[in-house]
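All of the numbers you see were taken from the coordinates with simple rules; none came from a lab. If you're wondering where the values come from, they're calculated on a predicted model, not measured in any experiment. In this analysis, Cβ positions are derived from the backbone assuming ideal geometry, glycine residues included, and neighbour counts consider all displayed protein chains.
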């Protein structure tokens, strides 16, 4: 198998009630399969993980932050997945950003995000633990407890 190597950055956006924002979406090549995931995505050429995380956060939630406000990554993982019939190996860093509250705006979605992201909601770690839905990263509730 040949993988497309990809670098990415994601944000654990945590509100004043200790809930994290997750987006809901799927793969256009696998109709009917959906999952929840943190804001973030692939880095542009020359972007640092913090710059990419800040850019993606703005595009996907409308929240504009200076990359330096994200601090250092709190988690790193390498995952392999398929999307739109292509195989990816993605090295991704996770940042934490706490906000008292935030009203999500999807006005910054690009065409691909408009096509594949179907919703969002705020989740507590307990709700993530209790859910039977697919949620990424795999141990998100544990990661949230670690950074609490």
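Structural remarks
- Test for residue 120: is it in a strand (DSSP E or B), touching a helix residue (DSSP H, G or I) at 6+ places or on another chain (Cβ under 9 Å) and either free of Cβ contacts under 8 Å to residues at least 12 places away in the same chain or under 19 Å from residue 27 (Cα atoms) (or both): yes
Residue by residue, here is whether (1) closer than 15 Å to residue 40 by Cα; (2) loosely packed, with under 11 Cβ neighbours inside 10 Å holds:
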position: 65; (1), (2): yes, no
position: 68; (1), (2): no, yes
position: 71; (1), (2): no, no
position: 107; (1), (2): no, yes
position: 119; (1), (2): yes, no
position: 132; (1), (2): no, yes
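- Region 129-148, residues that are without any contact (Cβ under 8 Å) to a residue 60 or more places away in the chain and under 17 Å from residue 12 (Cα atoms): 129, 138, 139, 141, 142, 145
- Residue check: residue 60 meets all listed conditions (1) in contact with a strand residue (DSSP E or B) (Cβ under 9 Å, 6 or more places away or on another chain); (2) surrounded by fewer than 20 Cβ atoms within 10 Å (Cβ to Cβ) but one, namely (2).
- Which listed residue, of 48, 38, is free of Cβ contacts under 8 Å to residues at least 40 places away in the same chain and either within 13 Å of the chain's Cα centre (by Cα) or surrounded by 12 or more Cβ atoms within 10 Å (Cβ to Cβ) (or both): 48
- Total residues in region 78-102, condition in contact with a strand residue (DSSP E or B) (Cβ under 8 Å, 6 or more places away or on another chain), farther than 30 Å from residue 17 by Cα and surrounded by 14 or more Cβ atoms within 10 Å (Cβ to Cβ): 3
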